[in-house]
Amino acid sequence: MVDPDTLCLFDHFQWLRTGQRAAEKLIRHQSTISRAATKCQHIFDVQLVKDSAEWSLDGNTDLLDAERQVHQYWRWQKGRPLRIDCQHWVRDFYASLPLEDWTTGNLNYLEYERPKYLLKSCVIDAWLCSLPDAPVEPGLHVFELCSMPTLLVAKRTHPLFALGDSLTLDDALRFPVLPLPELAFPVFQKRFYGMGFSHRGSLVREGVSKDSAHASLPEDLYLGVASPLTLGAYESDWEPLPLIIPIIVGDALVVRSDYATHPRTRDLLSRLRSHLVAKAGTNKDVTIAGGLGERAAEPSICPIL
């Protein structure tokens, strides 16, 4: 109903949030992006509606969804550039990996629903996110890239280090944890906070500063959450505490199930894992998935359209 170029411009506008970003990414005039967006809204009888920073669609999207599915199949089969995006906390780690045949997005999602919607709607073709938060649902296929332990970290001057091997989980629960963005890791946060960790810690809850309803502790007493691959994001005076946090984390690649066995998916997986091997080096705490590293067992067959 529309040519691939027009739908591409419309998709990039919705995906990248602004006409300016879409124009820069596609090397087109912003007015061209705007005309394409207007044309697609008219033809598919939908309306773009700004919801916070994102553009959602008002109206029946059945026709648009069908068109996007056809155009996505064309991109995969004809060697056209595919589209990949990721969560904010993995972008720096994979930034040095060249992906010439892929177009990257803003790489800054702090929650999971939006990129999942874009993937299911055929706006993007692949998504890098974190375990255990990768979605497990029909229509999406998850490939585990790596797994590793959760680290609880603190500044070297933190009093918990003085406890040495006698350190217990109850000792750590007394101290506050640096806050994570709300819904940044829904599954992880539910498990982690379910263990008793909080942004205040029991020292405050027990009334160390009873004179203040908003009592807090010095910044140096806060704990942080990391993994062997993200520890470098902290300053050099932070290091892991000798505690076992029983939550395995990692990275995952998610594609629509239709393309789980596609050669371009296999090629991307191979490049991502080679990148991980080089980055992880000799770190024995990082396990890189071999083979397909699949977490979904459903059959995945590319559609015949």
>> Being surrounded by 16 or more Cβ atoms within 10 Å (Cβ to Cβ), more than 19 Å from residue 271 (Cβ to Cβ) and under 11 Å from the mean Cα position of the chain (by Cα): is that true of residue 112 here?
In response: yes
>> Under 9 Å between Cβ atoms, which residue pairs at least 6 apart in sequence (or on different chains) link something in the stretch 180-198 that is in the same structural domain as residue 249 (by TED's automatic domain parsing) and closer than 13 Å to residue 152 by Cβ with a partner that is modelled with pLDDT of 95 or more and surrounded by fewer than 13 Cβ atoms within 10 Å (Cβ to Cβ)?
In response: 195/246; 196/170
> Which condition number does residue 85 fail, the rest of (1) surrounded by fewer than 18 Cβ atoms within 10 Å (Cβ to Cβ); (2) closer than 14 Å to residue 118 by Cβ; (3) not hydrophobic (A, V, I, L, M, F, W, C) being met?
Replying inline: (1)
> Is there a residue in the stretch 214-225 that is surrounded by 14 or more Cβ atoms within 10 Å (Cβ to Cβ), modelled with pLDDT of 95 or more and touching a helix residue (DSSP H, G or I) at 6+ places or on another chain (Cβ under 6 Å)?
Replying inline: no
> Taking the stretch 117-132 as the region of interest, how many residues are surrounded by fewer than 19 Cβ atoms within 10 Å (Cβ to Cβ) and closer than 23 Å to residue 191 by Cβ?
Replying inline: 1
>> Checking residue 196 against (1) modelled with pLDDT of 95 or more; (2) within 23 Å of the chain's Cα centre (by Cα), only one condition comes out false. Which one?
In response: (2)
>> Out of everything in the stretch 88-109 that is surrounded by fewer than 17 Cβ atoms within 10 Å (Cβ to Cβ) and of a type in the set (D, E, K, R), what residue ends up being nearest to the chain's Cα centre (by Cα)?
In response: 92
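On the given criteria, is residue 232 in a helix (DSSP H, G or I), over 18 Å from residue 192 (Cβ atoms) and either at pLDDT below 95 or β-branched (Val, Ile, Thr) (or both)? Before the answer, list the steps.
Values: in a helix (DSSP H, G or I): yes; over 18 Å from residue 192 (Cβ atoms): yes; either at pLDDT below 95 or β-branched (Val, Ile, Thr) (or both): yes.
It is true that residue 232 is in a helix (DSSP H, G or I), over 18 Å from residue 192 (Cβ atoms) and either at pLDDT below 95 or β-branched (Val, Ile, Thr) (or both).
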> Across the stretch 30-61, which residue is surrounded by the fewest Cβ atoms within 10 Å (Cβ to Cβ) among those that are aliphatic (A, V, I, L, M) and farther than 24 Å from residue 109 by Cα?
Replying inline: 43
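For the stretch 52-92, give me the residue count where each residue is among the aromatic types (Phe, Trp, Tyr) and not assigned by TED's automatic domain parsing to the domain that holds residue 42. Please lay out each step first, then the result.
Quick first cut of the stretch 52-92, residues among the aromatic types (Phe, Trp, Tyr) only: 55, 73-74, 76, 89.
Checking which are not assigned by TED's automatic domain parsing to the domain that holds residue 42 leaves us with 89.
Final tally of qualifying residues: 1.
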> Within the stretch 51-71, how many residues turn out to be modelled with pLDDT under 95 and not hydrophobic (A, V, I, L, M, F, W, C)?
Replying inline: 2
> If you check every pair at least six apart or on different chains, which have Cβ atoms under 7 Å apart with a residue in the stretch 53-65 that is without any contact (Cβ under 8 Å) to a residue 40 or more places away in the chain first and a residue that is β-branched (Val, Ile, Thr) and part of a strand (DSSP E or B) second?
Replying inline: 56/49; 58/49
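Hand me the list of helices (runs of 4 or more DSSP H) wholly inside the stretch 81-200 holding 2 or more residues that are of a type outside the set (Ser, Thr, Tyr), in contact with a Phe, Trp or Tyr (Cβ under 8 Å, 6 or more places away or on another chain) and closer than 29 Å to residue 14 by Cα. Break it down into steps so the answer makes sense when it comes.
On the way: elements: 88-94, 113-120, 169-173, 186-194.
Those helices (runs of 4 or more DSSP H) span 113-120.
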> Before we move on, is residue 261 touching a Ser or Thr at 6+ places or on another chain (Cβ under 7 Å), in the same structural domain as residue 154 (by TED's automatic domain parsing) and at pLDDT 95 or above?
Replying inline: no
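Return yes when residue 168 is within 18 Å of residue 251 (Cα to Cα) and of a type in the set (Ser, Thr, Tyr) and no when it is not. Reasoning before the result, please.
Numbers: within 18 Å of residue 251 (Cα to Cα): no; of a type in the set (Ser, Thr, Tyr): yes.
In short, no.
The values are calculated or read from the model by the stated rules, or taken from the named source; none is laboratory data. Everything numeric here is computed off the predicted structure, so don't read it as measured data. Methodologically, a virtual Cβ is constructed for each residue, glycine included, from the backbone with ideal geometry; neighbour enumeration extends over all protein chains shown.
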